[in-house]
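The values are calculated or read from the model by the stated rules, or taken from the named source; none is laboratory data. Small disclaimer: the values here were computed from a predicted structure and weren't measured. Here the Cβ is made from the backbone with ideal geometry for all residues, glycine too, and neighbour counts use every protein chain on show. Protein only, heavy atoms only, side chains kept; ligands, DNA and RNA dropped before computing areas. Shrake-Rupley method; radii C 1.70, N 1.55, O 1.52, S 1.80 Å.
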Amino acid sequence: MSEIEVKIDYFSVTFPLELNDNDSVLFKVYDVVKEIALFLNVKPFEILKAKYAQNNYNYQFNLGEFIILRLDGPMNENYQKTCHLEMKGEACRDYERRNKDKSWLDLILYVAELNAKFKRLDIAIDDFKGEDINLGWLQEKFMKKRYTSIFKLPPEPHGTLATGLTIQFGTTKSPTQLIIYDKFEERKKHKIIPKHNYWVRYEMRFRNDTADRIIFHLCKDYDKNGKLDLQGFAFSQLYRIMDIKTENNYDEKSQHKVLTDMHWQKFLGNIKKGSLPKIEDVIIKTMSDYLEAAIPYITTWLLATFLIVDKNPHLFEIEIYKLMLNNLTLSKKRFQRLNMLLNEMNLKTINDEELASLKANFERIIEDKELPF
């Protein structure tokens with residue numbers, strides 16, 4: 001086993017429960033469970049419905065022993081009920097064991113197609129040797145303030161070196177959180193015999209928009225064969241989050257002027273400091289994007305219709321109104337998308353009554369234009 005191991009140790013996304021007007025919620029829930037289980041390579045007999053659902057969801061399933069899927073829960077900003085896929089710790093290892101032919105990129109792209117929002121991503125770096133640095137060395141650096149970080153507040157230490165030290169940057173509400181702790185002692189407290197005599201974990205937790213940005217950046221680092229240098233990516237992000245400085249006489253505000261400590265550089269593999277793309281650099285599909293993609297098909301149909309009516313502008317206009325009228329029986333999903341588009345264009349959204357009024361108006365226009373005089 002390597003002296004350093006890097007792994008994705010928490011993966012959490014929410015996505016809408018897509019329902020049409022005539023859909024049964026229960027049937028849809030079971031359809032989604034089957035689809036997710038199929039992708040994750042979880043067999044039907046391994047799917048177990050939980051007696052209770054957490055976090056205000058109405059349904060919860062265990063997919064295998066570790067992976068959790070919750071459905072029919074809180075509404076998103078588009079007034080759609082949501083689902084929540086949560087893979088924590090051993091669940092991430094379970095995904096990897098079950099899917100030797102898939103990478104994390106495959107899972108990310110799969111949930112992206114479900115219009116998922118990434119809620120949390122944890123990347124853990126496990127040091128099994130402590131040759132370059134150890135918790136005592138880090139504790140001294142932090143106490144002497146020989147470091148710079150993205151965090152506004154100093155770290156919170158918990159425990160001791162003898163009983164198991166944890167150094168925490170950020171809180172559970174922070175977009176980024178860094179937890180450095182003695183995994184060896186933590187395992188012993190849970191009465192699990194560690195496989196190593198030394199085990200310190202550097203755990204980076206990314207939440208919400210920051211998780212989106214990290215995952216976008218992570219996907220960019222995959223090569224054409226779907227391979228990723230996860231260790232290099234993790235160390236570059238750790239370096240971005242935390243830079244340990246060489247011993248110096250500068251004050252806390254001037255630590256950015258000091259060189260990185262050679263021991264920290266060696267631990268990081270002498271890698272370059274990573275970056276975090278701006279939120280506007282993250283590709284987000286909007287309704288306008290989908291409409292723009294549909295324009296070539298729409299114009300082709302319009303041209304064909306214009307030729308069918310022998311290039312008659314009057315008849316062509318009637319056909320356009322008929323197209324609108326015949327497609328105004330909107331499903332709940334299409335109605336939501338219409339209002340999403342109106343929102344994007346800073347226009348007033350419409351309700352069922354206004355839609356019915358538009359339909360009646362189109363009927364009157366068609367009737368008037370089809371009159372023989």
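Please find, within region 4-23, the residue that is surrounded by the most Cβ atoms within 10 Å (Cβ to Cβ) out of those that are at pLDDT below 90 and not hydrophobic (A, V, I, L, M, F, W, C). Don't jump to the end; show me each part of the working.
Kept after step one, since they are at pLDDT below 90, are these residues of region 4-23: 18-23.
After this cut, where a residue has to be not hydrophobic (A, V, I, L, M, F, W, C) as well, the list is 18, 20-23.
On the way: Glu18: 18, Asn20: 11, Asp21: 11, Asn22: 7, Asp23: 15.
Out of the qualifying residues, it is Glu18.
Go over the candidates Gly269, Gly274 one by one and state the one that is surrounded by 15 or more Cβ atoms within 10 Å (Cβ to Cβ), modelled with pLDDT of 80 or more and part of a loop (DSSP other than H, G, I, E, B). Explain how you work it out, then say what you get.
Values: Gly269 fails: surrounded by 15 or more Cβ atoms within 10 Å (Cβ to Cβ).
The unique qualifying residue is Gly274.
Only a single criterion out of (1) out of contact with any strand residue (DSSP E or B) (no Cβ under 8 Å at 6 or more places or on another chain); (2) free of Cβ contacts under 8 Å to residues at least 12 places away in the same chain is not satisfied by Met75, namely (1). Out of region 1-24, which residues are part of a strand (DSSP E or B) and acidic (Asp, Glu)? Passing the criteria: Glu5, Asp9.
Residues Arg240, Arg205, Arg201, Arg187: which one is of a type outside the set (Gly, Ala, Ser) and under 25 Å from Asp106 (Cβ atoms)? Of the residues listed, the single one that is of a type outside the set (Gly, Ala, Ser) and under 25 Å from Asp106 (Cβ atoms) is Arg205. For region 53-75, filtering for residues that are under 22 Å from Tyr10 (Cα atoms), part of a loop (DSSP other than H, G, I, E, B) and either open to solvent by 60 Å² or more (accessible area, probe 1.4 Å) or out of contact with any helix residue (DSSP H, G or I) (no Cβ under 7 Å at 6 or more places or on another chain) (or both) leaves 9.
Out of the residues in region 100-109 meeting the condition of being under 20 Å from the mean Cα position of the chain (by Cα) and not aliphatic (A, V, I, L, M), tell me which one is farthest from Ser12 (Cα to Cα). Only one residue tops the list, namely Lys102.
Please return the ranges of strands (runs of 3 or more DSSP E) entirely within region 86-166 where 3 or more residues are closer than 22 Å to Asn62 by Cβ and open to solvent by less than 70 Å² (accessible area, probe 1.4 Å). Steps first, please.
Working: elements: 117-127, 147-149, 156-158.
The qualifying strands (runs of 3 or more DSSP E) are 117-127.
Just one of (1) within 18 Å of the chain's Cα centre (by Cα); (2) at pLDDT below 95; (3) over 30 Å from Leu341 (Cβ atoms) fails for Met204. It is (2).
Got a number for residues in region 25-52 being open to solvent by less than 90 Å² (accessible area, probe 1.4 Å) and charged (D, E, K, R)?
Pass one, region 25-52, residues open to solvent by less than 90 Å² (accessible area, probe 1.4 Å): 25-26, 28-33, 36-37, 39-42, 46-47, 50.
Remaining after also requiring charged (D, E, K, R): 28, 31, 46.
Number satisfying all stated conditions: 3.
Applying a threshold of 8 Å to beta carbon distances and a minimum spacing of six or more residues, or different chains, the list of pairs starting in region 296-319 at a residue that is in contact (Cβ under 8 Å) with a residue 12 or more places away in the chain and ending at one that is of a type in the set (D, E, K, R) and loosely packed, with under 14 Cβ neighbours inside 10 Å reads His314/Lys369; Glu317/Lys369; Ile318/Lys369; Ile318/Glu370.
Residues in region 192-201 that are open to solvent by 80 Å² or more (accessible area, probe 1.4 Å) and modelled with pLDDT of 85 or more: Asn197 only.
Quick check, is Glu131 closer than 23 Å to Arg201 by Cβ, free of Cβ contacts under 8 Å to residues at least 60 places away in the same chain and among the charged types (D, E, K, R)? It would help to see each step written out before you state the result.
Numbers: closer than 23 Å to Arg201 by Cβ: yes; free of Cβ contacts under 8 Å to residues at least 60 places away in the same chain: no; among the charged types (D, E, K, R): yes.
Answer is no for this residue.
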